[in-house]
């Protein structure tokens, strides 16, 4: 079985969608990319606020005036890359590079004494962990069909 989403064949799990599954499945990938990328694109603007920079400084981030806006640029660029499917593997790598250090630094639920806040931080930690997983899948499999990467590679044909 192929490991590239853009070149899945009839033996792939996409046939589980039924007779027309391959045709329908090709639209699920860009919808999934959009759903995954949305949080990075929308939340990136917050990385430029003084409130976010001050919170990062309080959490012990060095050079927050530089690193927080830089993380916003990285999140936006990675999210946009995944959304459009343009060099999505690189974009997903950017997102992993952002999430891996940020997650334990800003969502360290194990160090929080207030039970309610600890539960919230644990949920945020696990959310970020799942986003790392999604980004790793994109980094491995690529953008899939209906993407700029597939168009550039000449693999825009329907999944068969």
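Each reported figure results from applying straightforward, stated rules to the coordinates on display, with no laboratory input. Note that the coordinates shown come from a computational prediction; the quantities given were computed from them, not determined experimentally.
Some notes on this structure:
- Once the gyration tensor of the Cα atoms in region 38-142 is diagonalised, the equivalent ellipsoid follows with semi-axes of 24, 17, 10 Å, ordered largest first.
- In region 54-111, the alpha-carbon atoms span a convex hull of 80 Å³ per residue.
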